[in-house]
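What follows is calculated from the coordinates using simple rules that are stated; it is not laboratory data. Computed from a predicted structure; not experimentally measured. We place every Cβ from the backbone using ideal geometry, glycine too, and count neighbours over all the protein chains shown.
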Amino acid sequence: MLDDGQRSLLCAVLNRLIPPRGDLPGAGDLGAGERIERTLAESQKLRRLFLDGLMAIQVSASFLELDEPAQTAQLQRVEQAHPQFFAALVDHAYRGYYTLPRVQQALGWLRPPQPLGHTLPPFDPELLSIQRTRAPFWRRAD
C-alpha cells in the first residue's frame, strides 16, 4: 500500500504519538504501522485520507529531518488543518499499538481486558450442542 518513504514517515509519526517508554519501543518501531497499512488495504476512503494526511505532514519540511519539538509542532499544525485525518491516525495508532501482545504484557494485561474487569471462564463448546442440532432458520441468499 505505502511506498518505503511513506512507511518511514508513518513509523516516525507513530513514534511521536506513542514514544518509547522504558524498554518498550515506540508504536512505529513495534510495527503498528504495518497493522495500519493492512487496514488501509481494505478501505479506499481511509487509504486516501491517510495518503493525503501523510503528505500534509511531509509538505512543509522533511519530517524525518526535524528534531522532536519541531516534529511535535508539525503534527499540531496538521491536527488543526486536517482534524479528520488526525483523529483517524490517533485512533488507528492506539488500536495498532495497544492490541500488540508485547504492549499488553508490558502493561500487565495477562489477557485482553473485559468490561468491568470481569474474568470470563474458558469457552465450553458443549454450550452450542443444542444449537447445532437445530435446522437453519434463515434463507440462503444465492
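Between helix 68-81 and the chain there is an angle of about 70 degrees, using the helix long axis and the longest principal axis of the Cα atoms.
The angle separating the long axis of helix 32-42 from the principal Cα axis of greatest extent in the chain is about 70 degrees. Here the extension length gained between Glu34 and Val59 equals 6.7 nm, from 0.36 nm per residue of separation less the Cα-Cα distance. Specify which labelled value, from (i) 156; (ii) 236; (iii) 189, agrees with volume of the Cα convex hull per residue in Å³ derived from the coordinates of the model shown. Working out volume of the Cα convex hull per residue in Å³ from the coordinates points to (iii). Starting from the Cα of Leu51, step 7 Å toward the Cβ, then list every residue of region 1-24 with an amide N under 12 Å from that point. Only 1-3 pass the distance filter. When peptides 7-16, 20-29 are ranked by their average number of other Cβ atoms within 10 Å per residue, the highest-first order is 7-16, 20-29. Rounded to the nearest 10 degrees, the inclination of helix 4-17 to the longest alpha-carbon principal axis of the chain is 80 degrees.
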